[in-house]
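J.: Can you read through this structure? Questions will come right after.
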Amino acid sequence: MARQTQTAPRGIPGDAPGYTSRKSMYGDYAVTGRTITINRPRSELYAYWRDFSNLPKFMESVEKVEWEGDVSVWTIQAPGGDVRIRAHITTEKQDEEIAWRSVQGSDIDTEGKVTFRDAPGGRGTEVEAIVAYIPPVGRLGALVAKLFQKEPRVQGRRELKRFKMLMETGEVTTSHNRQAA
């Protein structure tokens, strides 16, 4: 499937202070963001997240992430079939930020970033995840809508909570069988 061609905004909005959850539109992009505090050092959280092969351990819909050169290929489970996102890292600041953008050959036009900053009072690390995507049309759009029917804000909150659980306790407690950490 060819991804929609769209001129992406330069960087996704993410500087809305005081918010722990937001969803809005930015041009044609739907944008959602969440922030959570995790009682672990920033460097540890960054290193774990940066190894994209770890993401399926706490992201429910992500089946696997593989590398083709400098492009990560995400396979996401969706009703009716898998969705593939081919993404290139656009920004990488050690222990601070990872940003990505989908490239040609992706089923969805998307970009996002995860930032890691020290939490106030030495309480660990604030992890903020922001994702922007163009809701596709047609059959793929219907599949993606079902995939994200969990409401992107809710899904983002769940994924960050699972990340917190995994990093603080070493496991993710779920009601269904998932990979062990």
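Every read-out reported here was derived from the displayed coordinates using simple, explicitly stated rules and does not represent laboratory data. Source: prediction; values computed, not measured. For neighbour counting, all protein chains shown are included, and Cβ atoms are generated from backbone atoms with ideal geometry for every residue, glycine included.
J.: P(r) for segment 34-91, please, calculated from all Cα pair distances in 10 Å bins and given in %.
T.: In order of increasing distance, the bins hold 20, 46, 28, 5 percent.
J.: Would you mind checking which residues have amide H under 5 Å from E97's amide H? H placed 1.01 Å from N; only 5 or more apart, or other chain.
T.: F116
J.: Whole-Hz Karplus ³J(HN,Hα) for segment 117-127, in order, using 6.51 cos²θ - 1.76 cosθ + 1.60 and θ = phi - 60°, x for Gly and Pro?
T.: Each residue's phi maps through the Karplus curve to give 9, 4, 7, x, x, x, 8, x, 10, 8, 10 Hz.
J.: Could you compute the FRET efficiency for E97 and E68, with r as their C-beta to C-beta distance and R0 at 25 Å, rounded to 0.05?
T.: Here the calculated transfer efficiency is 0.60.
J.: Continuing with the same structure: Note down the nm distance, to one decimal, between modelled labels 7 Å out along Cα→Cβ at D51 and at A30.
T.: About 3.3 nm, to one decimal.
J.: What is the dipole size for segment 29-114, taken about its Cα centre, with +1 at each Lys and Arg Cβ and -1 at each Asp and Glu Cβ, in debye to the nearest 20?
T.: So the magnitude is around 240 debye.
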